[in-house]
Amino acid sequence: MTRTPSPTAPAPLRRRPARVLVRGGAVLLVAVLVQGCALVQGHVMSETEFRTHLERTQRAGDEAARQLGLNPSAVVDRHDMSNSSCKDDLGLDAEGVSRDQPSVTWTPDFASPAAYATAVATLREAWSAKGLTVRDIPAPDAGERGAGLPGIRTTDDHGVELSLRPGWFSGKPELVADGGCVRHEGALVSWK
């Protein structure tokens, strides 16, 4: 007479090691993937390279402001180094390596929506003349800050993203030069 195990009875002993191996393998796979993310992070800039990157970011934005007939130092609003998505990226950095996302924001004051539209057209023409790909940024919807003001963006030859668009919080036009998330040696205390 063959005995059938009840549905609540424990699995036969020969199946338990297989389950342990599968679970252990899954844990090992996750550990290897996390370690791989920590190791494959890309180039780490030296302090000198990072300072050069900061200068290029500043110059790219200054040039865009001048193309609009503005004095860059008169309309500069802020220099930022932090971005939570850059800081919280998966992986671990070696000791002495920092992650920062340098950006500069200018806040030009346009007399009217028509003046803003002229500025967008001016930058589109200037960036296109340099062979840069210009992408449109849709205008915020009615009822949102900056409604009706479409923007544009491009990335220059040094990887600096430039944009003219309504600001996320204020809705007022902002010209931004964003150097992207970079890993570099040392820790920069301030950038002005």
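The values are calculated or read from the model by the stated rules, or taken from the named source; none is laboratory data. All values derive from a computational prediction rather than experimental measurement. As a convention, Cβ positions derive from the backbone with ideal geometry for all residues, glycine included, and neighbour counts pool all protein chains shown.
Values as computed for the structure displayed
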{"item": "Those residues of the range 133-142 which are in a loop (DSSP other than H, G, I, E, B), in contact with a Ser or Thr (Cβ under 8 Å, 6 or more places away or on another chain) and either loosely packed, with under 15 Cβ neighbours inside 10 Å or not assigned by TED's automatic domain parsing to the domain that holds LEU162 (or both), in sequence order", "result": "THR133"}
{"item": "Matching residues, the range 170-187, being of a type in the set (D, E, K, R) and surrounded by 19 or more Cβ atoms within 10 Å (Cβ to Cβ)", "result": "GLU174, ASP178, ARG183"}
{"item": "Residues located in the range 131-171, provided they are touching a Leu at 6+ places or on another chain (Cβ under 9 Å) and in contact (Cβ under 8 Å) with a residue 60 or more places away in the chain", "result": "ASP156, LEU162, LEU164"}
{"item": "Residue within the range 85-92 that is surrounded by 10 or more Cβ atoms within 10 Å (Cβ to Cβ), modelled with pLDDT of 60 or more and over 22 Å from the mean Cα position of the chain (by Cα) present", "result": "no"}
{"item": "Residue within the range 170-180 that is more than 20 Å from ASP109 (Cβ to Cβ), among the β-branched types (Val, Ile, Thr) and part of a strand (DSSP E or B) present", "result": "no"}
{"item": "Verdict on ARG145 being assigned by TED's automatic domain parsing to the domain that holds PRO72 and either at pLDDT 95 or above or surrounded by 14 or more Cβ atoms within 10 Å (Cβ to Cβ) (or both)", "result": "no"}
{"item": "Selected residue (criterion: surrounded by the most Cβ atoms within 10 Å (Cβ to Cβ)) from residues of the range 154-169 that are in contact with a strand residue (DSSP E or B) (Cβ under 7 Å, 6 or more places away or on another chain) and not in a strand (DSSP E or B)", "result": "VAL160"}
